[in-house]
Amino acid sequence: MIGVLAANRRRMAVPWTGSNVSIAHLGGQEYQIAKTDGGNSTAAAWFPEPRNGDMRFRVQPQQTNAYIALGLTTATGVTLDTGPLAEQIVLRGDGGYTASTSYTANAGPTYAYTANQFFWFERIGSVARTYVGGDGTFATATLYHTFASDASDTDRPKIAINLQNASVRVIYFPL
């Protein structure tokens, strides 16, 4: 019984907060985060509290021309670009995706993506990985890129959005 209670506590939905975004709870641990301000200035959503330990996110862009990055950072607030994000998956405004580390763009090859395609970002110990595709379950996704990660960091997950009216669905899974 105690194990079940602990598992349920770990699976509790974690609320996002943000700037220049609307955040809609879709049920369970799924949220839709949409940029609300006009123009191509950056909007962002982040966890109010840092998270340590292992974690995984499923990311699903709602359009192909959105510039969306999901990664880990120690900073809150809106930043001008993805530089403050550590390891990250980047869905580019030109309809391509890549993996990056801070300001190091294109850490992996760039491929095209479609609206509603699934992407996964995880950090387990000192390794961060990005996965692509599948039917929405992690077991069906394909490994895309692996990073060395600083497991001692206590980071907050953050999503940066830099295109008017762009939105993304995201689910957080503590591991």
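The values are calculated or read from the model by the stated rules, or taken from the named source; none is laboratory data. Please read these numbers as outputs of a predicted model, since none were measured by experiment. Because the Cβ atoms are built from the backbone with ideal geometry, glycine has one as well, and the counts that use them run over all protein chains shown.
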- prompt: How many residues does the range 111-135 hold that are part of a loop (DSSP other than H, G, I, E, B) and loosely packed, with under 14 Cβ neighbours inside 10 Å?
  reply: 6
- prompt: Considering only residues of the range 18-53 that are modelled with pLDDT of 90 or more and among the hydroxyl-bearing types (Ser, Thr, Tyr), which is surrounded by the fewest Cβ atoms within 10 Å (Cβ to Cβ)?
  reply: 22
